[in-house]
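Asker: What follows is a structure written as structure tokens; I'll ask about it next.
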Amino acid sequence: MIVVMERNATKEQVEHMVQRVESLGLKSHVIVGAERTVIAAIGTKRPETRQSLESGPGVAEVVPILAPYKVASREVKPEPTQVRAGSLTVGAGVLGVIAGPCSVENESQIVEAARAVKAAGATALRGGAFKPRTSPYSFQGLKEDGLKMLATARQETGLAIVTEVMSTEDVELVAKYADVLQIGARNMQNYRLLEAVGHTRTAVLLKRGPAATMEELLLAAEYILNEGNSQVMLCERGIRTFEAHTRFTLPLASVPYLHHKTHLPVVVDPSHGTGHTYLIPDMTLASVAAGADGLILEVHPDPEKAMSDGYQSLNFPQFTDLMERCRRVAAAVGKSMA
Ligand code: PEP
Ligand code: MN
């Protein structure tokens, strides 16, 4: 349930109510909005809990949260959340652009990519050091060496680093280098991993599982939020359907749907969502038109030679051209780009 404080409630009254909530065996999340402060009280309630909280000082009302996800829900926080991580800002009217290769391959590749995407207008650099690959015989990533190369690229360009963490035991290591921890589609329902990134205070990009429903995605986000990490971005990266012409099917209705249900920003990945370079520009523009708060795009200095996902990577001129067109669509839908 949500304890809605009165507009003029004092800090002491909010703190008092947090203690009341916790003394009832519930977990509290304080959300300070532009209009009012609310305390989400999460856990199993007794029938008298609501009345008992309603009588508290500075409390306007206590209302149940109807959605199965609580902290992620718009009921708890009507204002959109803006996630900030170094050079990257996503949400609440700002379109963030994360671009770079699928995998970090060597230092010159990642530094060259970082410089090019920054010049074209990207606000963060992507690059996988730990790669989840369908085949155990495919390139698995450079691991910590790759993370160090990302750190060099950040030093050279100032771009925030977005990189995947695949297992709980690597969270500490990856968080040492990353500005944003990416949870890959295959790990969206790895609940111990979600809890582990929830314990950090590093921003998280949570990718939708290829067979996950919107509700499952939001409940996965809830695992992270429930551990106290509020810097969560959701990512639509395409789902598996009967259609075989595209690598995945990119359902853009999920953008306005998620905006309806959650305050968390929504990033779209047209690279994995389509799986073909020639489809990416149009689907990127469509994503922005649908209200995306961020984009994540695979860009490689020489896609033909890429060690992973070259067939869905843009080269530098293609990305530069796309950014120019993106700017116009963003302006048309009232979003600013850095
Ligand atoms: C990636 O971003 O390179 C990646 C592996 O994405 P996904 O988890 O969406 O497949
Ligand atoms: Mn990839």
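Asker: Among the residues of region 66-76, is there at least one that is free of Cβ contacts under 8 Å to residues at least 60 places away in the same chain, of a type in the set (A, V, I, L, M) and open to solvent by 30 Å² or more (accessible area, probe 1.4 Å)?
Answerer: Step one: of region 66-76, the residues free of Cβ contacts under 8 Å to residues at least 60 places away in the same chain are 66.
If we keep only those that are of a type in the set (A, V, I, L, M) too, we end up with 66.
Remaining after also requiring open to solvent by 30 Å² or more (accessible area, probe 1.4 Å): 66.
Yes, the conditions are met somewhere in region 66-76.
Asker: Let me ask another. Just the residues that are away from ligand 2 (no atom under 16 Å from the Cβ) and surrounded by 15 or more Cβ atoms within 10 Å (Cβ to Cβ), please, taken from region 104-121. Working first, answer last.
Answerer: First, the residues of region 104-121 that are away from ligand 2 (no atom under 16 Å from the Cβ): 106-108, 111-112, 114-116, 118-121.
Matches in region 104-121: 107, 111, 112, 114, 115, 116, 118, 120, 121.
Asker: List every residue pair whose Cβ atoms sit under 9 Å apart, with the two residues 6 or more apart in sequence or on different chains, where the first one lies in region 115-141 and is assigned to a strand (DSSP E or B) and the second, anywhere, is of a type in the set (Ser, Thr, Tyr) and within 13 Å of ligand 1 (Cβ to nearest atom).
Answerer: Every condition considered, the pairs that remain are 125/163; 126/163; 128/103; 128/163; 128/308.
Asker: Same structure, new question: Among the listed residues 154, 133, identify the single one that is open to solvent by 60 Å² or more (accessible area, probe 1.4 Å), away from ligand 1 (no atom under 16 Å from the Cβ) and assigned by TED's automatic domain parsing to the domain that holds residue 309.
Answerer: 154
Asker: List every residue pair whose Cβ atoms sit under 6 Å apart, with the two residues 6 or more apart in sequence or on different chains, where the first one lies in region 259-279 and is touching a residue at least 12 places away in the same chain (Cβ under 8 Å) and the second, anywhere, is open to solvent by 10 Å² or more (accessible area, probe 1.4 Å) and among the β-branched types (Val, Ile, Thr).
Answerer: 263/81; 264/81; 274/246; 275/246
Asker: A further question follows. Output the residues belonging to region 268-283 that are open to solvent by less than 10 Å² (accessible area, probe 1.4 Å) and more than 15 Å from ligand 1 (Cβ to nearest atom).
Answerer: none
Asker: Here are the criteria: (1) open to solvent by less than 60 Å² (accessible area, probe 1.4 Å); (2) in a helix (DSSP H, G or I); (3) under 30 Å from residue 66 (Cα atoms). Tell me which single one residue 256 does not satisfy.
Answerer: All conditions pass for residue 256, except number (1).
Asker: For residue 224, work out the one condition from (1) assigned to a helix (DSSP H, G or I); (2) open to solvent by 10 Å² or more (accessible area, probe 1.4 Å) it doesn't fulfil.
Answerer: Failed condition: (2).
Asker: Looking at this structure, is residue 27 within 18 Å of residue 77 (Cα to Cα) and under 32 Å from the mean Cα position of the chain (by Cα)?
Answerer: In short, yes.
Asker: Restricting attention to region 158-180, report how many residues are more than 15 Å from the chain's Cα centre (by Cα), among the hydroxyl-bearing types (Ser, Thr, Tyr) and within 16 Å of ligand 1 (Cβ to nearest atom).
Answerer: 1
Asker: Is it the case, given these coordinates, that residue 185 is touching a residue at least 60 places away in the same chain (Cβ under 8 Å), in contact with a Pro (Cβ under 7 Å, 6 or more places away or on another chain) and within 13 Å of ligand 2 (Cβ to nearest atom)?
Answerer: Judged against the criteria, residue 185 is a match.
Asker: Can you confirm whether region 82-93 contains a residue that is part of a strand (DSSP E or B) and charged (D, E, K, R)?
Answerer: Yes, because at least one residue in region 82-93 is part of a strand (DSSP E or B) and charged (D, E, K, R).
The values are calculated or read from the model by the stated rules, or taken from the named source; none is laboratory data. Just so it is clear, the structure is predicted and the values come from calculations on it, not from any experiment. In this analysis, Cβ positions are derived from the backbone assuming ideal geometry, glycine residues included, and neighbour counts consider all displayed protein chains. Note: accessible area is taken over every heavy atom of the protein model, side chains too, but ligands, DNA and RNA are not part of it. Shrake-Rupley method; radii C 1.70, N 1.55, O 1.52, S 1.80 Å.
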